[in-house]
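Down below is the structure, laid out as structure tokens.
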Amino acid sequence: MLKNKLLLWSPIITLAVGLLFSLASLPSIHPVPRELPIALVNEDEGAVLPDKSNIYMGDQVTDMSKKAFSQKEGQQPVKWVKLNEKNEAMKGMNEREYYGALILPKDFSKNLVSLQTASPSSPKLQILVNQGMNSSASAMASQLLNGVADQINGKVREQIISGLKQKKDPLTIDTVSVLATPIKKETMNVNAFGTHSANGNSPVSLFQPLWMGSLVGAVLLFVVLKKTVFTSRKEKFQFITKQFVVGIFLAALFGWGITWFADGILQLDIPSKMDTAIFLSIAYLSFLLMMLAVVSWIGMKGFPLFALLLFFGAPLLSMAPEIMPEFYQNWIFPWLPMRYMTDGLRDLFFFGNGLSWDHVQVLCGIGITSLLLLLLSALIQNEKQKISADAEEKLSVL
């Protein structure tokens, strides 16, 4: 009878499982940028026209850039952040605030006006792409910025041709040569991730083995805990202390081991092996304590939750929040504890920053909170056991 029921339910179960696991790839299907923060720097000092009036083409180009993208469902693909100096944009990109920047130099108007003279000098637009921030988002930013530059080129070409027609001046060879591309583009990658970084995804590739190592370590420590009989609260606390010490040992082992493997076997670019090993050790211990704390309250059924968290969370870690579907961006990604690990590794690998408290404060907070919950569970469970024992004693007397 049971076999017949399983046979009848098998198509539904199979379909449900297939649909469930297909949700993991949903965020990466047709990713669309939503308000990618990009700096727009106008350093243009303007130019003096033959009639002694001033012209500031940088302001016009800035307005054209802001109108380059059509608004869709109340959101635009680019969120322009207007800045006054290139140094501000560089600082913002180093602090992971912008995915790129469009720079208008000081002589932009001057060179643009010269295009209608006998001695034209092509103005330049500088495109900066913050590659290390996120590989897919930086590629989108590069495409969007180059598209803006092409639109500006087209409009400037039309203005030059219109001005030359009105003047009825003969075209020089130099003028004809610049009409094809009046404005020159200079593209430069900032915080580049290099050639040995799994195309910028090395932080995510290191996360998966560390998360699974944390899960395996938590399972082993939990199984030992379940098989141990405690006669007092003190013994339970002492065992948890031993778990913590073993966890520190496992964390150091995995942190240094994964760093050695990534550097020696995978040959990933790791600027500082010491900082990376320490950071990975802290991340491992934090995740281990978090898993132990959860299963100490809900039991073994908590472990599959962390396996599902890996399956559904890992694809999001390689994506920028601005290219995720809105639901994932607002309700799923902010709650993923592993994102603090991959963000820290990006900072260590691609932004030239050494290990600091900013990298580990959230991970340490997760670890400390988990340890307190673990101790609290031991206290509450011990009280429940004591109440149960007292009740059994009273029943035996009766």
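So here's what we get for this one:
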item: Verdict on L309 being part of a helix (DSSP H, G or I), in contact with a helix residue (DSSP H, G or I) (Cβ under 9 Å, 6 or more places away or on another chain) and at pLDDT 95 or above; result: no
item: Residues satisfying the stated conditions in segment 123-134, i.e. in a strand (DSSP E or B) and more than 30 Å from D269 (Cβ to Cβ); result: K124, L125
item: The listed residue being at pLDDT below 95 and open to solvent by less than 10 Å² (accessible area, probe 1.4 Å), out of G264, G302, G255; result: G302
item: Selection count, segment 63-122, where residues are assigned to a helix (DSSP H, G or I), modelled with pLDDT of 85 or more and of a type in the set (G, A, S); result: 4
item: Failed criterion for A137 (all others in (1) under 16 Å from the mean Cα position of the chain (by Cα); (2) assigned to a loop (DSSP other than H, G, I, E, B); (3) not polar (S, T, N, Q) hold); result: (2)
item: Any hit, segment 208-226, residues being more than 29 Å from P304 (Cβ to Cβ) and out of contact with any strand residue (DSSP E or B) (no Cβ under 7 Å at 6 or more places or on another chain); result: no
item: Pair list, Cβ under 8 Å, 6 or more apart: segment 200-223 residue at negative phi and touching a residue at least 40 places away in the same chain (Cβ under 8 Å), other residue among the charged types (D, E, K, R) and surrounded by 18 or more Cβ atoms within 10 Å (Cβ to Cβ); result: P203/R346
item: Given (1) open to solvent by 10 Å² or more (accessible area, probe 1.4 Å); (2) within 19 Å of T276 (Cβ to Cβ), number of the condition T342 does not satisfy; result: (1)
item: All positions within segment 140-164 that are without any contact (Cβ under 8 Å) to a residue 12 or more places away in the chain and over 34 Å from the mean Cα position of the chain (by Cα); result: G154, E158, Q159, S162
item: Lone unmet requirement of (1) at pLDDT 95 or above; (2) open to solvent by 70 Å² or more (accessible area, probe 1.4 Å) for I366; result: (2)
item: Flag for V41 being more than 28 Å from the chain's Cα centre (by Cα) and either modelled with pLDDT under 70 or β-branched (V, I, T) (or both); result: no
item: Criterion violated by P271 - all others in (1) in contact with a Gly (Cβ under 9 Å, 6 or more places away or on another chain); (2) part of a helix (DSSP H, G or I); (3) open to solvent by 60 Å² or more (accessible area, probe 1.4 Å) satisfied; result: (2)
item: Failed item in (1) touching a strand residue (DSSP E or B) at 6+ places or on another chain (Cβ under 7 Å); (2) surrounded by 17 or more Cβ atoms within 10 Å (Cβ to Cβ); (3) over 27 Å from L348 (Cα atoms), with Q60 passing the rest; result: (1)
item: Residue satisfying all of: in segment 282-299; open to solvent by 20 Å² or more (accessible area, probe 1.4 Å) and either closer than 15 Å to L210 by Cβ or among the aliphatic types (A, V, I, L, M) (or both); nearest to the chain's Cα centre (by Cα) among these; result: I282
item: Residues satisfying the stated conditions in segment 180-197, i.e. farther than 30 Å from E158 by Cβ, open to solvent by 50 Å² or more (accessible area, probe 1.4 Å) and in contact with a helix residue (DSSP H, G or I) (Cβ under 7 Å, 6 or more places away or on another chain); result: N189, A192
item: Total residues in segment 74-112, condition touching a Leu at 6+ places or on another chain (Cβ under 7 Å) and open to solvent by 60 Å² or more (accessible area, probe 1.4 Å); result: 2
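The values are calculated or read from the model by the stated rules, or taken from the named source; none is laboratory data. Since this is a predicted model, take the numbers as computed values, not measurements. Positions of Cβ are backbone-derived with ideal geometry, glycine not excepted, and every protein chain shown enters the neighbour counts. Note: areas computed on protein heavy atoms with side chains; ligands, DNA, RNA excluded. Shrake-Rupley method; radii C 1.70, N 1.55, O 1.52, S 1.80 Å.
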